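S.K.: What follows is a single structure, and I will ask about it in a moment.
The values are calculated or read from the model by the stated rules, or taken from the named source; none is laboratory data. Quick caveat, the model's predicted, so the values are computed rather than measured. Quick reminder, even Gly has a Cβ in these numbers, built from the backbone with ideal geometry, and neighbours come from all protein chains shown.
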Amino acid sequence: MKDQNDNNSLNFNTIYNKIMEQANGGINKSRIGENTAEGVEEVQISEHIETVTSENEQSFQNSQESTNDEKTILVEEGDFEEVEFEKQEDFEKVVEVDETISQDSQIQIDSSSDDSVHDLQDQKNNQEDGVAMSGSGENNQGNEKVDEVTEEVIIDNNVQDSFDVQEIPEDAFDVVADMSRIATYGLTPRAINDNRIDPTAKPSGTISQFRSTIGGVDLIISTTETTVESGMYTFQGKAKADFILTGKVLDVLATVSLVSSFDSQNIVFMDSSITGGTTPTTVTASLRDFMIKAANEMIDDINGVRTNLSTSAPSHPAGIPEITHRAQLARALRAIFESNTGSYTGGIPNLMFTFKDVDDISPKQVTVLYDGESIFPDSMDYLRSIIAEDSLVNNAVTNNVRTTTTSNMNLNAEGMAVRFDIKNPEDYQAFEKMKTNTNYQFVALNKNVTYYSDPNTKSVVNYLEGFSMTNFKTGKQLPLFETYKVDNSTLTAAEMIYTHTNSTPSAMNIDFNSIDDTTYFDYEQMISTTASNIALRTNGNSVRFNTLKIFDKDKTITKMEVEDDRLNKYPASVALIDTDKPERGGYLHVTGLERSTPYTFRKLHVTAKPEEKDVTKTIFLSQIMTSSISGTTTVTTVLTHTLSIRTSNFTEPKLYIELDPEKKYVNTTSGMFTSTVSGSDTVEVFYPKLNVELPNKLVMPAVKNDKTALRYVIEVDNSDVTIKDLTVNGLKGDEKFKVERIEGKDKIYFILTLYNLSEKRDYGFLILELSYVDIDKRELVTRQVLNTINKITNISIATAPSAVTGVVFTTTGIHQVPGVNLDNETGPELTGTDAFNVTLFDAKTLEARKAEIPVLVDDLNDRFVRIDFQKPANNPNVELVLEGGLLKFTNLEPKTETVYKLDFIWRDKDNKEQTLSKYAKITTPQASSVDVKGTTITTTDTTAEIVFELFSNPQSKISSVALNNESIKFTWDVSTLTLRLSDLKPMTEYNSLEITFKLENGLLTRYKINTFTTKPAIEPPTGKVAEFVSKIYLASLGRQPEVEGWKFWVQRLESKELTVTQFIYGLMKQDEFINRYLNKEDFIKMMYQIVVGRDPEEEGQKYWIGKYDEYRVQLESLADLRIKIASEMMNESEFKQYVASMGLAY
């Protein structure tokens, strides 16, 4: 190993400061990463992180001894200078500096570029796991020389949150003075020094990963919010990594508090500040001893050993696992590694972990701050698995590490792996928390992992080497459940959840992990026998509980079933309120029921997979008897109820218009609209909603009138039946209609526009016809008169109401509700933007080169002509189409921000073209690792072939692909970039498929596949000839013919365009047949099946094998030999008679 003062090694701080000085002074872009005459030739700089091994890591040294000499780059005044240095025996990582610097001489600092390349040898060994190494072997303390060992830094020019170095305050890199500013500027923490460590010190041990990192999830519950949507529950992802510690750290003595009490949920420690008395409150031992005791306790837990009741310290109930030694180990780890917690006043840097979100189109970084209480928490989930179970296997103790302070001598702390829960503290706001359900790559540490050699005095700090982590995916958000009750005809969140009989008050929501065997939902309130039409939505084969919302944003739930009093189970799912916003939750939806049948549901079984394993919880649906003491409601009795829900008989789908819930009634005395009945003078009315939100985020009024046009947003529930088409009967002459269909989760929206109508005419007489397919597969039609969908109510005001705020009807007499602008009569002519208008919504960037903008073209009279727009200089190849309520932009330039002027051209009543201008702003990220230009999609009834075209070669080879729909089978041809899908459904639109490319360098790129529709199913042919063709295929090729080919051969044979022998010879000449491995016995058996439909008898088999051997020496090819044998066998009279019986040509 090189000495630290080796003149050929480099000091990070000197290099870094040199780069920053040049950046602040201005660097000519042409000199960096360009192949110009004045600049250097192509500079390929890989990511460079220096990591020095300890002397006992001989394998790493050996790997380095086989590497070629390397180069690094120093920035000199106005140019680059290459400085060669000797190959280090130190285990080095390679860092990449992106070839491009932004136009304004910006330098961007990040944890890693998109082309992350790891250590030369480690990349080869660990690429599949995405291993990243961090920390230096020899501690670099001080900035004196250029020949010091480099600390770890990663320089990247591809960070989305970029900045200009010249604009950063001088103390932006002063981690000690202001760590939070690092997160503000989106930087990887600069590799920094810890002045508590002797600059000449060597690492005193290692910290090495035991197995692949596992992702997890943590739940934070707010004490101020009360509902899910208000933010009561917050989730953050975390990394669960197991590390083996070696060296002096295992012999460090730590003093920790003893456990006072514990149960299955919580643990309480003694107050170690108490002095005097005879009962000790603390325990002192080495980390090695704490680990061995904890491991033995964990083995007992695994083997099923449980506690007996104890009232003395530590007090605990009976029948639960012992946890005290594992809790003390967590506290010992906190104390020993407390040196990694920063101190602003003491000038001590905080240890920070940096990760990269590789799921994002433009990978972003997250910095996790070391916090002992978060890394080594007191939670039961963590404590029970604080030591990796599989690290205990074959972990035998040896003489030189034998301990005398533990009762069990069969374990060795040297090989045990301790779990670190790496996440940001709940109350720390400066750093962003890791997202759930997201793939992360470990990038770097800002400094070495340190520890106190004496946690009590905290006087000496040592450090470890070898920290590494593999790629991982954080856990998913836990499912959340929230109950609602019917209150004055509306649903409001209510406390209907009880978790412990006679003790715990009721709650209105609960998370999945908190559900146990005593969790009850108040079923009587859930079905609301007095207002079941609001609480429930029953259909012929399903029931939806509007009183139970389930939030499952990350699709954690893998299975749900509802169990009835007969112990039958029925499938259940979450009916999302908004498919584009899964965070809004959905309702419990039970399916698979019989029509017009009562059901008594008693249990809800929920299986979820928030982390590695499926977990099933059961919620009891019960009648709850409660009592209230001092304002707190508690359970007194839980009853097994007999309450039933009856599914409906089959009913036709109904068309309806969404009404304004605030205008359900009119009070004829006050002249005001109300939402509830307020006395005998209240009249129910039907007032269309002015702002109906559609699934594509468009908002439009339910009804709109014009001089010669009417438009309606008509809805129909989509449950038991398959909705087909909406048509209009009753129009005459030039009167026309058009229908736009928008699919929702459990309803369908039809935007019906009637135009070229007569002026001042009531069209309430029109009949709307809706075609559908019922659950018995019958094609049916239901009809409704328009007046029954958009109803008109005439109310009588006897006495003029007082003219106060809110009064609508101020005069006596008969009033029409809704008014003339919302009824079924063509009204006054609309002008300006009322006649034609366009609303643009926020742009959604799908990837670096694609974006969509939802758009509402409000065009009652079908006057829209086209969109004109000028291609800007920074996006010269952009293309735009209007399709299905979306402005679709393609061929955008990456990393641009552009405002587009869009001119919507329309014709006024005089047929003159008018222009309505709108402006759209689109910001695109950098190009992804796999930069897709477009796709060509070819479909059949059950397959699709998708060929990808790229703008350029991927940053690394594509190693594999994945599809987001597990029910679809696929193959990937990397040579032609072709994705082939099978097992698709005929006549089905696929609009949400997404492919994920995994590159050899570990990066992932997701791409949304364009919408496509499979072709109608082709029915296979039937009859004797079809059966004959099928038999020939099965005998000769071992499979059924594809339907199109099957029909082709049947048609050719039946028309006698093709003889039977020609058909068989043709199959035998195909490569598929020639390449089949058939020996002569197999071939003879196959021909017998073709000719006579049976296996050969022994004499016949011998005869034809003899013929086979005879002709083999006479004919040149195997194909000719097989055709010769087939020709003679098919010349038999039995086969000719069979062919004639089918009416075919021999």
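S.K.: Which one is surrounded by the most Cβ atoms within 10 Å (Cβ to Cβ), of the residues in the range 237-257 that are within 17 Å of Phe376 (Cβ to Cβ) and of a type outside the set (A, V, I, L, M)?
M.R.: Lys238
S.K.: Also, I was wondering about something else. Which ones in the range 329-353 are among the aliphatic types (A, V, I, L, M), assigned to a strand (DSSP E or B) and modelled with pLDDT of 90 or more?
M.R.: Passing the criteria: only Met352.
S.K.: Residue pairs, Cβ under 7 Å, 6 or more apart or interchain, first in the range 590-604 and assigned by TED's automatic domain parsing to the domain that holds Thr519 and in a loop (DSSP other than H, G, I, E, B), second exposed (fewer than 14 other Cβ atoms within 10 Å of the Cβ) and among the small types (Gly, Ala, Ser). List them.
M.R.: Within 7 Å, the pairs are Thr600/Ser644.
S.K.: A further question on this structure: Search the range 832-859 for residues that are under 17 Å from Lys909 (Cα atoms) and pair each with any residue that is of a type in the set (D, E, K, R) when their beta-carbon atoms are under 6 Å apart and the residues are at least 6 apart or on different chains.
M.R.: Short answer, once both residue conditions are applied: Phe836/Asp859; Phe836/Arg863; Asn837/Asp858.
S.K.: Can you name every one of the strands (runs of 3 or more DSSP E) wholly within the range 753-826 that holds 2 or more residues which are without any contact (Cβ under 8 Å) to a residue 24 or more places away in the chain and more than 15 Å from Leu726 (Cβ to Cβ)?
M.R.: The qualifying strands (runs of 3 or more DSSP E) are 813-817.
S.K.: Kindly list the number of the only condition in (1) under 30 Å from Lys998 (Cα atoms); (2) modelled with pLDDT of 90 or more that fails for Ile361.
M.R.: For Ile361, the failing item is (2).
S.K.: Go through (1) in a loop (DSSP other than H, G, I, E, B); (2) buried (at least 20 other Cβ atoms within 10 Å of the Cβ); (3) polar (S, T, N, Q) and name the single condition Asn462 misses.
M.R.: Of (1) in a loop (DSSP other than H, G, I, E, B); (2) buried (at least 20 other Cβ atoms within 10 Å of the Cβ); (3) polar (S, T, N, Q), only one is false for Asn462: (1).
S.K.: Can you tell me how many residues in the range 427-444 are closer than 15 Å to Tyr370 by Cα, surrounded by fewer than 22 Cβ atoms within 10 Å (Cβ to Cβ) and modelled with pLDDT of 90 or more?
M.R.: The qualifying residues number 0.
S.K.: Any idea how many residues of the range 928-945 are under 30 Å from Lys895 (Cα atoms) and either of a type in the set (S, T, N, Q) or crowded, with 16+ Cβ neighbours inside 10 Å (or both)?
M.R.: 8
S.K.: Moving on. Among the numbered criteria (1) within 19 Å of Pro818 (Cβ to Cβ); (2) under 44 Å from the mean Cα position of the chain (by Cα), which one does Lys707 miss?
M.R.: Here Lys707 meets the rest and fails (2).
S.K.: Considering only residues that are outside any loop (DSSP other than H, G, I, E, B) and farther than 16 Å from Tyr919 by Cα, which ones fall in the range 880-906?
M.R.: Correct list: Glu883, Thr890, Trp906.
S.K.: Restrict the check to the range 833-855 and report whether at least one residue is among the aliphatic types (A, V, I, L, M) and loosely packed, with under 14 Cβ neighbours inside 10 Å.
M.R.: Checked against the condition, which is being among the aliphatic types (A, V, I, L, M) and loosely packed, with under 14 Cβ neighbours inside 10 Å, the range 833-855 yields no hits at all.
S.K.: Could you check how many residues of the range 1129-1142 are assigned to a helix (DSSP H, G or I), touching a Lys or Arg at 6+ places or on another chain (Cβ under 9 Å) and more than 18 Å from Ala1035 (Cα to Cα)?
M.R.: Number satisfying all stated conditions: 1.
S.K.: Could you go through the range 192-214 and let me know if any residue there is of a type in the set (Lys, Arg), modelled with pLDDT under 85 and in contact with a strand residue (DSSP E or B) (Cβ under 7 Å, 6 or more places away or on another chain).
M.R.: Yes, because at least one residue in the range 192-214 is of a type in the set (Lys, Arg), modelled with pLDDT under 85 and in contact with a strand residue (DSSP E or B) (Cβ under 7 Å, 6 or more places away or on another chain).
S.K.: Against the condition touching a strand residue (DSSP E or B) at 6+ places or on another chain (Cβ under 6 Å), under 23 Å from Asp862 (Cβ atoms) and not aromatic (Phe, Trp, Tyr), how does Glu779 come out, does it pass?
M.R.: no
S.K.: Same structure again: When the residues of the range 836-848 are narrowed to those that are in a loop (DSSP other than H, G, I, E, B) and modelled with pLDDT of 85 or more, which ends up nearest to the chain's Cα centre (by Cα)?
M.R.: Ala848
S.K.: For the range 946-968, give me the residue count where each residue is over 25 Å from the mean Cα position of the chain (by Cα) and surrounded by 14 or more Cβ atoms within 10 Å (Cβ to Cβ).
M.R.: Within the range 946-968, residues that are over 25 Å from the mean Cα position of the chain (by Cα) and surrounded by 14 or more Cβ atoms within 10 Å (Cβ to Cβ) number 1.
S.K.: Just to be sure before I move on: is Val692 under 22 Å from Asn821 (Cα atoms) and over 30 Å from the mean Cα position of the chain (by Cα) in the structure I sent?
M.R.: Taking the combined requirement at face value, the residue does not satisfy it.
S.K.: Being within 30 Å of Leu979 (Cβ to Cβ) and among the β-branched types (Val, Ile, Thr) narrows it down to one of Thr898, Thr839, Thr936, Thr831, so name that one.
M.R.: Only one candidate qualifies: Thr936.
S.K.: If you don't mind, there's one more thing I want to ask. I want to confirm something. Restricting to the range 1051-1104 and keeping residues that are polar (S, T, N, Q) and within 15 Å of Tyr1146 (Cα to Cα), which single residue is surrounded by the most Cβ atoms within 10 Å (Cβ to Cβ)?
M.R.: Looking at residues that are polar (S, T, N, Q) and within 15 Å of Tyr1146 (Cα to Cα), I get Thr1061.
S.K.: Just the residues that are touching a Phe, Trp or Tyr at 6+ places or on another chain (Cβ under 7 Å) and either free of Cβ contacts under 8 Å to residues at least 60 places away in the same chain or surrounded by fewer than 22 Cβ atoms within 10 Å (Cβ to Cβ) (or both), please, taken from the range 481-493.
M.R.: Correct list: Leu491, Thr492, Ala493.
S.K.: Out of the range 1038-1083, which residues are part of a helix (DSSP H, G or I) and of a type in the set (Asp, Glu)?
M.R.: Glu1044, Glu1054, Asp1071, Glu1072, Glu1081, Asp1082, listed by residue number.
S.K.: Here is a further query. All but one of (1) hydroxyl-bearing (Ser, Thr, Tyr); (2) closer than 30 Å to Glu759 by Cβ; (3) assigned to a strand (DSSP E or B) hold for Thr833; state the number of the condition that does not hold.
M.R.: Result: Thr833 passes all but (3).
S.K.: Now, a different point. I'd like to know if the range 713-721 contains one or more residues that are under 23 Å from Tyr687 (Cα atoms) and charged (D, E, K, R).
M.R.: yes
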